[in-house]
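Trainee: Once you've had a glance at the structure underneath, I'll fire off some questions.
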Amino acid sequence: MGEEEEIRTAKEAADHELILAFGRLQGAANRLEYILGRALEVECGISHLMFEVLLILGRAGEPGLSMRAVAQEQVLTTGGATRLVDRMEAAGLVERAEDPDDRRGRLVRLTPLGEETAVRASRVHLENIQRYFVQPLPSADRARFAEDLRILSHSARDALPRLP
């Protein structure tokens, strides 16, 4: 079925090459998220979302990031980011500190335990990425696939509205 043709039945919709391709991408992402996220929970005691926040904060360095910046990076509401950071703070992974540029503002930054957890979880995660994400692909296609994912990710990010 060509891309220009009108879809007239559920079967045609289900068999459309672009719908199939996107469904495969989404299915692969969901399955990989489950496999890799479960490994982080079992081996490191953190969720994949917590791991991503540890990475964001590790990348940002000192003095840390605002809750709004954390929320925007993870496509969360500020309330959702606050609840997540509350759990991470209770676990000793992050701390809130005064913002040197805004007396009323608070920044989130890694604690030493957060730094240690980020490193340990990264080792687990990298091993599983190699096993489930890289090894199944032909070696000649890996670099192009990674670049294509970067392009898609940036395009989707740029299409999202920014939080106020």
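The values are calculated or read from the model by the stated rules, or taken from the named source; none is laboratory data. Remember, it's a predicted structure, so these values are computed and weren't measured experimentally. Please note that ligands, DNA and RNA were not included when accessible areas were found on the heavy atoms of the full protein model with its side chains. Shrake-Rupley method; radii C 1.70, N 1.55, O 1.52, S 1.80 Å.
Trainee: Under a 1.4 angstrom probe, counting protein chains only, how are Y132, Y34 ranked by accessible area, largest first? Can you show the working numbers first?
Mentor: Values: Y132 75, Y34 150 Å².
Sorted by accessible area, descending: Y34, Y132.
Trainee: In addition: Amide H to amide H, which residues 5 or more places from I46 or on other chains are under 5 Å from it, using H placed in the peptide plane?
Mentor: Placed amide hydrogens put E41 under 5 Å from I46.
Trainee: Then there's this: Tell me, what is the per residue accessible area of region 43-96 in Å², probe radius 1.4 Å?
Mentor: Values: 2590 Å² over 54 residues.
Per-residue value: 48 Å².
Trainee: Cα gyration tensor of region 82-164, axes a ≥ b ≥ c as square roots of the eigenvalues: rounded (a/c below 1.5), prolate (a/b > b/c) or oblate?
Mentor: Values: a/c = 3.37, a/b = 1.55, b/c = 2.17.
Note, shape of region 82-164 comes out oblate.
Trainee: Then there's this: Tilt of helix 112-129 relative to the longest C-alpha principal axis of the chain, in degrees (0 to 90, nearest 10)?
Mentor: Approximately 20 degrees, to the nearest ten.
Trainee: Hey, if you drop one equal point scatterer on each alpha-carbon of region 71-130 and run the Debye formula without solvent, what base-10 log of I(q)/I(0) do you get at q = 0.20, 0.26, 0.28, 0.30 Å⁻¹?
Mentor: -0.90, -1.11, -1.12, -1.13
Trainee: Follow-up. Of V42, V85, V108, which has the largest mean-square fluctuation in a 10 Å C-alpha GNM of the chain?
Mentor: V42
Trainee: Average projected area of the Cα convex hull of the chain, in nm²? Working shown, then result.
Mentor: Details: hull surface 51.5 nm².
Result: a mean projected hull area of 12.9 nm².
Trainee: Out of all Cα-Cα pairs in region 1-68, roughly what percent, to the nearest whole number, are more than 19 Å apart? All intermediate terms of the calculation are to be shown ahead of the outcome.
Mentor: Values: 1346 of 2278 pairs.
For region 1-68, the fraction of Cα-Cα distances above 19 Å is 59 percent.
Trainee: At 222 nm, what helix-only mean residue ellipticity would the chain give, in deg cm²/dmol to the nearest 500, using -39500 (n - 2.57) for each DSSP H run of four or more? Mind showing how you got there, number by number?
Mentor: Values: 7 runs with 104 residues, N = 164.
Mean residue ellipticity, 222 nm, calculated: -20500 deg cm²/dmol.
Trainee: Quote the relative contact order of the chain in percent (integer), defining contacts as alpha-carbon pairs under 8 Å separated by 6+ residues. List each step's numbers first, then the result.
Mentor: On the way: 124 pairs, mean separation 32.6, N = 164.
Averaging sequence separation for qualifying contacts and normalising by length gives 20 percent for the chain.
Trainee: Over region 40-86, what relative contact order in percent results from Cα pairs under 8 Å that are six or more residues apart?
Mentor: 26 percent
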